[in-house]
Amino acid sequence: MRTRPGGAHRLILAAILAGGRSSRFGRDKAAALFAGRPLLDHMRDLGANRADAVVVVGRDGGVPDLPGPDLGPLGGIAGALAYAAAHGFETVLTLPCDMPRLPAALLDALLRRAPSYCSDAPVIGHWPAMLAPELLAHLATSERRSVTSWARAIGALPIASPVPLANINTPADLAAL
């Protein structure tokens, strides 16, 4: 459990969003090797260093996107929030499966407040689990699938990364790391 100011405890779930099609990468991006290990393993480690538990969203055997697949990152975030709410977590730190070099300062800043999100990569965010019904309602009634638009609508605090973020979309991006 993580301690809040004043000594209160909260449970944080780290959710790795790994449900994308990897179309630009040409194969399963989460399984691609970086420094001898799959990208997904790097992201699990990042999440484990900041949260009480880690789940993978959008892959077989993991937490499903909600209300179903093919809704982009918001479907993954909705699945993570619903899972967190059902399992007693107060908040969810969402992380993409393809950014193994996220700065500690960014993650620490996000974890100071929920809801908050990285203005440079909105899938990186810290969300109250109680927002699951609101996000599911949004997905049911809106065709907008923008994480930034939803984050703004709920009053999430945008936080800029202190350094440029390396996002792996192609094999060349991975080789450049």
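The values are calculated or read from the model by the stated rules, or taken from the named source; none is laboratory data. Being a predicted model, the structure only gives us computed values, none of them experimental. All Cβ positions, even for glycine, are placed from backbone atoms using ideal geometry, and neighbour counts span all protein chains on display. Surface areas here come from the heavy atoms of the whole protein model, side chains and all, with no ligands, DNA or RNA. Shrake-Rupley method; radii C 1.70, N 1.55, O 1.52, S 1.80 Å.
Structure notes:
- Of all residues in region 38-71 being under 14 Å from the mean Cα position of the chain (by Cα) and free of Cβ contacts under 8 Å to residues at least 24 places away in the same chain, the one that is nearest to ALA82 (Cα to Cα): PRO64
- Single residue of GLY47, GLY19, GLY7, GLY26 found to be at pLDDT below 95 and surrounded by 20 or more Cβ atoms within 10 Å (Cβ to Cβ): GLY19
- In region 16-33, the residues that are part of a helix (DSSP H, G or I) and basic (Lys, Arg) reach residues that are at pLDDT 75 or above and surrounded by fewer than 16 Cβ atoms within 10 Å (Cβ to Cβ) with C-beta atoms within less than 9 angstrom, at least six apart or across chains, in these pairs: LYS29/ASN169.
- Residues of region 130-177 that are open to solvent by 60 Å² or more (accessible area, probe 1.4 Å) and of a type in the set (Asp, Glu): GLU134, GLU143.
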